[in-house]
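Worksheet: the structure to be examined is printed underneath.
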Amino acid sequence: MAGEIGKEASNDAATLGSLFRLDTGNGEAIAVVWHMVWSGELDTNLSKRLTMETPVRAGLVA
């Protein structure tokens, strides 16, 4: 799952919504997205309100 999310996040148009849409209904992708934000594998501006349109990109941590 993390690989799919990382691949999507490398797309310049990636948003929280596009990553959350990878979820199949069991919540795994959503949990992985938040874990990857926490760990620095995904980067987003946490000083602004998060929405489904919030841009996300692959972080500096591999």
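The values are calculated or read from the model by the stated rules, or taken from the named source; none is laboratory data. Source: prediction; values computed, not measured. Quick reminder, even Gly has a Cβ in these numbers, built from the backbone with ideal geometry, and neighbours come from all protein chains shown. All accessible areas refer to the heavy atoms of the entire protein, side chains included, with ligands and DNA or RNA removed. Shrake-Rupley method; radii C 1.70, N 1.55, O 1.52, S 1.80 Å.
Structure above, values below:
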read-out: Probe 1.4 Å, accessible area per residue of the chain, Å²; value: 66 Å²
read-out: Cleavage-rule hits (chymotrypsin sites (Phe, Trp or Tyr not before Pro)) in the chain: DSSP loop, at most 14 neighbouring Cβ within 10 angstrom; value: none
read-out: Solvent-accessible surface ranking, highest first, for Ser47, Ser10, Ser39 at 1.4 angstrom; value: Ser47, Ser10, Ser39
read-out: Of all accessible heavy-atom area on the chain, the percent that carbon and sulfur account for (1.4 Å); value: 56 percent
read-out: Furthest towards positive pole of dipole, Thr54, Gly25, Asn11, structure part the chain, Cβ charges; value: Thr54
read-out: Where labels lie 7 Å past Cα in the beta-carbon direction, separation of Arg49 and Asn26 in nm; value: 3.4 nm
read-out: Helical contribution to [θ] at 222 nm, DSSP H n ≥ 4, -39,500 (n - 2.57), averaged over the chain, rounded to 500; value: -11000 deg cm²/dmol
read-out: Expected-Rg normalisation [2.2 N^0.38 Å, Cα atoms] applied to the chain; value: 0.98
read-out: Relative contact order computed over the chain (Cα-Cα under 8 Å; 6+ residues apart), in percent; value: 41 percent
read-out: Charge dipole (debye, nearest 20) of the chain; +1 at Cβ of Lys and Arg, -1 at Cβ of Asp and Glu; value: 180 debye
